[in-house]
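Okay, structure first, notes after.
Every number here is computed from the coordinates shown, using simple stated rules; none is lab data. Given the structure is predicted, the values throughout are model-derived calculations rather than measurements. Counting neighbours? That spans all protein chains shown, and the Cβs are built from the backbone with ideal geometry, glycine included.
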There are 2 protein chains.
Amino acid sequence: MQETEISTLGEFGLIERLTEGITLQNKSSLCGVGDDCAVLNYGDKCTLVTTDLLLEGIHFDLTYVPLRHLGYKAVVVNLSDIYAMNGTPRQITVSLGISRRFTVEHISELYAGMRMACERYGVDLVGGDTSASVTGLIISITALGDVDRDKIVYRNGARDTDLVCVSGDLGAAYMGLQLLEREREAGAGEKDFQPDFAGREYILERQLKPEARRDVIDEMRSLGITPTAMMDVSDGLSSELLHICKASGVGCRVFEDRIPIDYQTAIMAEELNMNLVTAAMNGGEDYELLFTVPLAQHELVSQMKTVRLIGHITKPELGAVLVSRDDAELPIRAQGWNAFQQ
Amino acid sequence: MQETEISTLGEFGLIERLTEGITLQNKSSLCGVGDDCAVLNYGDKCTLVTTDLLLEGIHFDLTYVPLRHLGYKAVVVNLSDIYAMNGTPRQITVSLGISRRFTVEHISELYAGMRMACERYGVDLVGGDTSASVTGLIISITALGDVDRDKIVYRNGARDTDLVCVSGDLGAAYMGLQLLEREREAGAGEKDFQPDFAGREYILERQLKPEARRDVIDEMRSLGITPTAMMDVSDGLSSELLHICKASGVGCRVFEDRIPIDYQTAIMAEELNMNLVTAAMNGGEDYELLFTVPLAQHELVSQMKTVRLIGHITKPELGAVLVSRDDAELPIRAQGWNAFQQ
């Protein structure tokens, strides 16, 4: 790969290179990169705003994450938050802190992944900030979207007897990470080490190139389902269930044997001698949608192909409970990822 | 000062501590911190979005910048971009990357400065992200504001014969930085070193606690002035003049003897044997407003107390020119701050 030092272009030159050929796709994007601010117009809709900070050495490890995948994922995890409010993502801003070891080509790879995600989800890149950093790569993304005011789904709307639903399957991204870390350790110091990922493609893809569940939101709209509460599963199912219970002032009962788990996830957990249910409940980075619907929508929600009913909402005094396969009731605790405890 | 390790609170505990007692001031802030996204409603107005990444060791040095000032400045520089589009800032999101040497009390200080700026400018803190970092403090702020679509002022509207105006004075923040760096070097290794800042309060304040020129925007509105082009001066007057000329497809003539400079700035430059005009043209971090108005508004703009006419817009083939005191014409070059060239 050609190697061009970023200092040869400077900040404005780099931005020009990276944003070359970007055309705005959304009617609401009036003005993108190139002024003091981006200008948006959502008409009478509400604006959704979410932001994520991704740091090398904390959130990602470039020894096994390709820059293009990282760019894609960095965008998708923000879009996931917009969908989790029942909105449609429209714009992102991207700020980068770049240390000296990165070349123009590196950052172009990262940007290519970001632009791929933007294209796939119909989102415009409308601004950002680019700077040198002392060490490592810093990615800060803010996503904006729109939603009708009466269609917004907060965390606090879950009510007693509501059904608890989750899309896709859980724990795969976490097991993908375990696999990547194992292979990195196995390959440390060996020059021509080739990690063996055969038959593990799914869990790797879940870790390296997750998707936001736009399809689930679309399906709910076409079926006329509006959830009473919704979140995306980023820190882990346990953590998100507790958020919904706390915000809504309710409890929940979730059944272990209803938690959707892919067979690759199960095999990897077995191989690494890890508890599968713990991985599915606390692994995080699933970017699936966790939501609640009124009991009366049982039939409707059962029609959704990728959605599984995993339990129901209860009175607050019953707490948040996981019912195990042998009918034991275990209190749900957030063991999700915490950057401040290492 | 009490010292509480951040790991004792965890991410959610820290966020709760920092956002305690935040009440939303703007009608457009429907939902702030605590869900997947913030929810805003600007009615039929346009949304302005701007973002800035501030990195320890690149943009600030905590050996002489108090955390409270840093927080204040980090917010203000973003609000300045909203005013520079003729908008009103309404919300910010704040993402922080925090290394192990920072305690809960440190981050509370930083946040106190941010909240002070929010209060002063009537802005709501509606979201963010908080994470550990490997080294140093990372601050990423996104500001949102609103503006009537027909009142937006871009960079590209300057026309031949327009007047070039700038608010306040230039170069002071840069000379404040030079002073701080000199005193840091003088005090290095000396335990009880007391830097001497007497008579230098203005340039220090311009560096450590800049303000955004809301007052200038307000005054223009009340006088019925809508600039044809506008920017805030963050990288330096030269750099911003070139941006306006390039975006508008025009040239400009700016007169050295019209550039507003405070006497403290002049004294400091003398003392440090630095070129005063270079400092004023290229120092940056002034956060003043640079704007152009039609020639017909000469009388109106002359009424503005803190605004100085510094030149006029010309045909593009005449280029961007600084006319020196002895009538020499010097081409304006961007020597503004560039993080990638050190």
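Tell me the label-point distance for the pair residue B:186, residue B:222, using the 7 Å Cα-to-Cβ offset, in nm and rounded to one decimal. Spacing of the two 7 Å Cα→Cβ label points: 4.1 nm.
Across the stretch A:7-15, rounded Karplus estimates of 3J(HN,Hα) from the backbone phi angles (6.51 cos²θ - 1.76 cosθ + 1.60, θ = phi - 60°) give 4, 5, 9, x, 4, 5, x, 4, 4 Hz, Gly and Pro being marked x.
The fewest-to-most ranking of B:50, A:228, B:265 by surrounding Cβ atoms within 10 Å reads A:228, B:265, B:50. Residue by residue along B:298-311, Cβ atoms of other protein chains within 10 Å of the local Cβ number 0 on average. Close amide-amide hydrogen proximity is noted between residue B:146 and B:48, B:88, B:90, each under 5 Å apart and 5 or more residues distant or on a separate chain (H modeled in the peptide plane; Pro and chain starts excluded). Summing +1 for each Lys or Arg and -1 for each Asp or Glu among the other residues whose beta-carbon sits under 10 angstrom from that of residue A:72 gives +4. Among residues other than residue A:251 with Cβ under 9 Å from its Cβ, the summed charge is 0 (Lys and Arg +1, Asp and Glu -1).
Note on the stretch B:6-151: the C-alpha convex hull projects to 8.6 nm² when averaged across all orientations. In nanometres and ascending order, the distances from the residue B:333 label point to those of the other copies are 6.5 (point 7 Å from Cα along Cα→Cβ). Taking only the alpha carbons of the stretch A:82-124, we obtain Rg and Dmax values of 13.1, 40 Å in that order. Connecting C-alpha atoms closer than 10 Å in a GNM of chain B, tell me which of B:151, B:191, B:45 has the biggest fluctuation. For chain B, modelled as a Gaussian network with Cα springs under 10 Å, the answer is B:191. Net charge within 14 Å of residue A:158 by Cβ-Cβ distance, Lys/Arg positive one each and Asp/Glu negative one each, not counting residue A:158 itself? So the environment of residue A:158 carries a net charge of +1. For the stretch A:163-331, taking Cα atoms only, Rg and Dmax work out to 17.3, 60 Å respectively. The Kirkwood hydrodynamic radius of the stretch A:264-320, based on inverse pair distances between different Cα atoms, is 14.1 Å. Rounded to whole numbers, the Karplus 3J(HN,Hα) couplings from phi for the stretch A:23-34 are 10, 7, 9, 9, 4, 6, 8, 6, 8, x, 4, x Hz, using 6.51 cos²θ - 1.76 cosθ + 1.60 with θ = phi - 60°, and x at Gly and Pro.
The order of B:95, A:7, going from fewest to most other C-beta atoms within 10 Å of their C-beta, is A:7, B:95. Peptide A:51-64 is shielded by partner chain Cβ atoms: per residue, an average of 4 of them sit within 10 Å of its Cβ. Dipole magnitude for the stretch B:6-151: computed about the Cα centre from +1 point charges on Lys and Arg Cβ and -1 point charges on Asp and Glu Cβ, it is near 280 debye.
In this structure the amide hydrogen of residue A:229, modeled in the peptide plane, comes within under 5 Å of the amide hydrogens of A:292, none closer than 5 places in sequence on its chain. Placing a label point 7 Å from Cα along the Cα-to-Cβ direction at residue A:317 gives distances to the equivalent points in the other copies of 8.8 nm, listed shortest first.
Here the label points at residue A:266 and residue A:101, each 7 Å from Cα along the C-beta direction, are separated by 4.0 nm in the simple model.
Shown for residue A:181: label points 7 Å from Cα along the beta-carbon vector, and their distances to the equivalent points in the other copies, 4.2 nm in ascending order. The residue list B:157, B:324, A:241 was ranked by how far each Cα lies along the charge dipole of the protein assembly as shown toward its positive end, using unit charges on Cβ atoms, and B:157 comes out on top. Pairs with C-alpha atoms separated by more than 18 Å, drawn from the list A:27/A:151; B:151/B:246; A:45/A:73; B:246/B:305; B:45/B:151; B:246/B:315, are A:27/A:151; B:151/B:246; A:45/A:73; B:246/B:305. The phi-based Karplus calculation (6.51 cos²θ - 1.76 cosθ + 1.60; θ = phi - 60°) puts the 3J(HN,Hα) values of the stretch A:120-129 at 4, 9, x, 10, 9, 8, 10, x, x, 8 Hz, whole numbers, x for Gly and Pro.
Considering all C-alpha pairs of the protein assembly as shown, those separated by over 46 Å amount to 22%. The calculated FRET efficiency for residue A:119 paired with residue A:324, based on their beta-carbon distance and R0 = 45 Å, is about 0.55. Backbone amide hydrogens, once placed in the peptide plane, bring residue B:321 within less than 5 Å of B:252, B:253, B:254, B:332, excluding anything fewer than 5 places away on its chain. Classify chain B as rounded, prolate or oblate from the Cα gyration tensor: take a ≥ b ≥ c as the square roots of its eigenvalues, call it rounded if a/c is under 1.5, otherwise prolate when a/b beats b/c and oblate if not. Since a/c reaches 1.5 but b/c is at least a/b, the shape of chain B is classed as oblate.
Label-to-label distance, residue B:196 versus residue B:23, with points set 7 angstrom from Cα along the beta-carbon direction: 4.9 nm.
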